[in-house]
Structure formats: C-alpha cells, structure tokens
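Right, one structure below, let's go through it.
Quick note: the coordinates plus some simple rules give every number you see, no bench work behind them. Everything numeric here is computed off the predicted structure, so don't read it as measured data. Note: ideal-geometry Cβ built from the backbone for every residue, glycine included; neighbour counts use all protein chains shown.
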Ligand code: ATP
Ligand code: ATP
C-alpha cells in the first residue's frame with residue numbers, strides 16, 4: 001500500500017510547481033547582513049532550528065544575497081561582535097533563485113544534479129521580466145537542454161537584480177519535495 005502511495009505521490013508531483021510546496025516568505029527565518037553575531041543572535045539562530053539561513057541586505061527582505069550555514073558559525077566566538085555579512089562573505093554560499101511556477105520535477109532534477117538543496121522563490125512575473133523573456137521552455141524534451149536552460153534562467157546576477165528588483169515569495173528545499181512525494185494521499 002505504501003508503494004502505491006508513493007507512486008501516486010510521484011504522479012501528483014508532476015502536476016505541481018514550486019509555489020505549491022514552498023515555505024511562505026513570511027515564515028522564512030532570515031537575517032540582515034548588518035546583524036551582529038552576538039549571544040542573542042546566536043540564540044535566535046539556534047532556536048530557529050534551521051541549518052541554512054537567507055541573508056538580506058540592510059532592511060530589505062527582498063534583497064537576499066547570501067546564505068548563512070549554521071555550520072559556518074562553529075568557529076566564531078560569541079563576543080567578538082562579528083557581523084553576519086563578514087561570515088556570509090567569507091564562506092560564499094551561492095544562492096539559487098527559482099521561479100514560483102517552476103515545475104517540481106524540474107527543481108528535483110536540479111537538486112539531483114547540483115550541489116545544493118535549497119532555493120529562494122521569486123514571483124513569476126518578476127523573474128520573467130528580469131530575464132527579458134528568456135524563460136524556461138517546458139516543451140523542450142532534452143533533459144540536459146532543459147536543465148541548462150533552468151540554470152541559466154534562475155541565476156540572478158547581482159548587478160542586474162539591482163535594476164529590476166524581484167519579489168521573493170518563499171523558500172523551497174529538497175525536503176519540501178520529498179514530503180510531497182511521501183505524504184500524498
Ligand atoms: P536540515 O534538515 O538539513 O537540517 P533544515 O531542517 O534547516 O535542514 P530542511 O530539512 O531542508 O531544513 O527543510 C525543512 C522545512 O523547513 C522545509 O519546509 C523548508 O522549506 C523549511 N525551511 C528551511 N530553511 C528555512 C528557513 N531558513 N526559514 C524558514 N523555513 C525554512
Ligand atoms: P543539504 O544536503 O543539507 O541540503 P546542501 O547540499 O544544500 O545541504 P551543503 O552540502 O552544505 O549544502 O553544501 C554544498 C555546496 O553547495 C556548498 O558549497 C554550497 O555553497 C553550495 N550551495 C548550497 N546551497 C546552494 C544554493 N542555494 N545555490 C547554489 N549553491 C548552493
């Protein structure tokens with residue numbers, strides 16, 4: 001019975017997109033890059049329970065530039081007043097931004113190929129506008145070509161995103177996809 005459930009889950013997965021399974025932006029635990037990694041911040045991070053934390057510029061939660069990994073904090077003393085920015089820039093965790101309409105199967109392929117399992121999710125129209133119509137073509141059948149296109153479409157160069165600010169709507173991880181697969185009725 002559970003095998004059947006997974007099979008049904010897999011079929012359901014093909015109909016869904018990132019927006020259907022992502023964590024809403026209002027529930028995403030993020031930090032400003034200006035924040036000082038003092039005892040209070042460290043406690044908040046550890047209380048959040050997350051291992052990867054989006055880092056935004058100033059007080060603009062739409063300008064997520066980096067990821068902070070909890071493991072990056074292992075060697076930092078609690079009282080040397082280092083900022084999130086310093087740690088995030090030092091570790092250079094790249095950040096992928098995907099479109100909310102990206103099919104889940106496509107994101108799964110990307111997670112499978114890539115070395116990362118978390119992405120920020122942007123509002124559909126914003127990413128399209130940003131890439132001047134150069135957007136994912138779902139009818140393309142070659143797996144490689146599709147993946148290459150996705151990578152191209154979802155990499156956001158920092159300078160360009162200054163000109164066309166995007167609206168972030170969520171965060172998605174591999175776990176959101178596997179959960180969808182396993183808990184489907
Ligand atoms: P790990 O399991 O590798 O320790 P994690 O528990 O931090 O990582 P995941 O297991 O990948 O995160 O995801 C669990 C859920 O938490 C998913 O629904 C995901 O969308 C959500 N999530 C992950 N990181 C954050 C974050 N920084 N803020 C809010 N939600 C998050
Ligand atoms: P997990 O297996 O818990 O989901 P992960 O695979 O996302 O973790 P790590 O295994 O700790 O992350 O890191 C692998 C490499 O992938 C790191 O060098 C990191 O910089 C990179 N990476 C992580 N997240 C992303 C992302 N969203 N976009 C691009 N590269 C990333």
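Of 97, 53, the sequence from fewest to most neighbouring Cβ atoms within 10 angstrom is 97, 53.
Values of log10 I(q)/I(0) for region 1-103 across q = 0.21 Å⁻¹ run -1.06, by the Debye formula with one identical scatterer at each alpha carbon and no solvent. For the peptides 43-51, 12-20, 98-106, 113-121, residues were scored by their other Cβ atoms within 10 Å and the scores averaged per peptide; the highest-first order is 98-106, 113-121, 12-20, 43-51. Segment residue 183..residue 10, full-extension length gain: 61.2 nm, with 0.36 nm per residue of separation and the alpha-carbon distance subtracted. What FRET efficiency comes out for residue 23 versus residue 46 if R0 is 22 angstrom and r is the Cβ-Cβ distance? Round to the nearest 0.05. Efficiency, rounded to the nearest 0.05: 0.70. Neighbour counts of other Cβ atoms within 10 Å put 95, 171 in the fewest-to-most order 95, 171. Each residue, residue 59 and residue 109, gets one label point 7 Å from its Cα in the Cβ direction; the gap between the two is 4.3 nm.
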